Each structure stands twice: as C-alpha cells, then as structure tokens.
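Have a look at the structure below, then the notes.
Bear in mind these aren't lab numbers, they're just calculated from the coordinates by the rules spelled out. Bear in mind the structure is a predicted one, so any value in this text is a computation, not a measurement. Here Cβ is always computed from backbone atoms with ideal geometry, including for glycine, and neighbour counts include all displayed protein chains.
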Amino acid sequence: MKRNIYLCIWILPLFFMLYLPAYADVYWESLQSVQGTSDEKPRTKTIRNYHTPWCSRMDIGENVMIADFKTMTGYVLNTSDRMFLEMKMNAVGKIPEGLKEEIQVQTTGETRNIAGYNCRKYKVTFMNRTYTQWLSKEVKGYKELRSINDRLSSVVRQNPLFQMGIVGKMDRLDGFPVMTVMKMEGGLTKTVVLRKVSTRPLDASVFQVPVGYKPPY
C-alpha cells in the first residue's frame, strides 16, 4: 500500500496543475477499460473527477488524490487500507528523467461522434509511446478547462512533467478529452471514455480526508 501511495507522488504535480481553480464546480467521470487480445472480459473501473474554484479531487480506483488550493496542501488516500499521505504542493520532489521528453501532437483531421459529442482525432506521442485522443468542444466544462489552460500554459511548459495533462497543450489539443485509446505492454489496450459531466455545486466534504484515515507511519 505504501508503494502505491508514494507512486502517486509523481502524479500529484500534474494533478495539481490540471485542476487549479476555475469559475464553477465541475464533476465528470470516465469509464476505463483494459482489454487483452483474447476473449477475456475487459477490466473496467470508473475514474471520477471533482473540481471547484478552491479544491479538486481525482478518484483512480482505490487511490484518491485531493488538492486544497486554499492551504496549498495535497493528499493521497488509499481507500482499501484507509491510509493517507499529506504533502505541500511545492514540495513534491524532482521530475524523473524519463518525463523530460517533449510531447508530440499530430492532428489527423478525422472526426467522429463519440458518446454524443462531435470529436476530433489526435495522435499523441510521449516517451516513445503513441496513443489516440478524441476531443470535443461540445462537452460541458470545456470552457472551465480552457480558462485553466490560458492561465497556466506558460507555467506548464516550463515543467515537462506537466505535459502529461491536457493543460498547456490546448493550442494543439483544443477540446475536452472524450476518449483516449492507448496500447500497453502484453497486448493490452486501455480505453478511457467520458461518461458523465455535471456543473452542479459540490459539497465541501468531498475534499476532506475522511474520519478514520491514518498516515502510513
């Protein structure tokens, strides 16, 4: 469990930069599916994102990441072990050498309707891996994401680690991610599809460490 928490530290800088304050609360969830080449049933899980002008949260299976921008404090939670790690956003460690490569984006000109949105297809190459991303400007919450990009693009480009997210690249990848398809090792394919978006106000309790969670030391 400790290993999972500390691995999330490398993701936290990207998470913090991606979900900085906008002007409205936004919740969205996507369904992630990992499928092999056989007829095995795909492994699926829901990725949930919560966003307010002051706090953000991302649920990735048993790992949860929370960012409190009022105190500039981040939290990584493990729901199975009910443990959490607290850290300051400006003290998350050095960038791994492998993440210093420049992301390459290729516009294909191909369009398709996915999950009810008119999307444009892009090919993205990073760390010698190429994946496909379909983006749309029709998604509720796109304007909030765009405002974050406009505010942070210059900062993001100074730190290669942040290139992993959509923010900082919306001059080349202009749209809300609706579907991402990535080939993985072992003949696996990971597909993430946007499933639900809401701009209703979020309760403050979503961004608090639940009672009963303890640090891993």
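Just a few scattered comments:
- What the Cβ-Cβ distance of S198 and D150 gives, at R0 = 25 Å and to the nearest 0.05, is a FRET efficiency of 0.60.
- Counted residue by residue at 0.36 nm each, then reduced by the alpha carbon distance between them, the extension gain from E62 to K140 reaches 25.4 nm.
- Label-point gap, in nm, between V105 and D171 - each point 7 angstrom along Cα→Cβ: 1.0 nm
- Computed E for Y217/M127 - FRET, C-beta separation, R0 35 angstrom, nearest 0.05: 0.65
- Given K45/K88; K190/K214; K70/K123; K137/K196; K143/K196; K140/K183, the pairs whose alpha carbons are separated by over 26 Å: K45/K88; K190/K214; K70/K123; K140/K183
- Environment charge at G212 (Cβ cut-off 12 Å; Lys +1, Arg +1, Asp -1, Glu -1): +1
- Net length available on complete extension from S205 to E185 is 3.4 nm, with 0.36 nm assigned per residue and the Cα-Cα distance removed.
- Neighbour-count order for T125, T52, fewest beta carbons within 10 angstrom listed first: T125, T52
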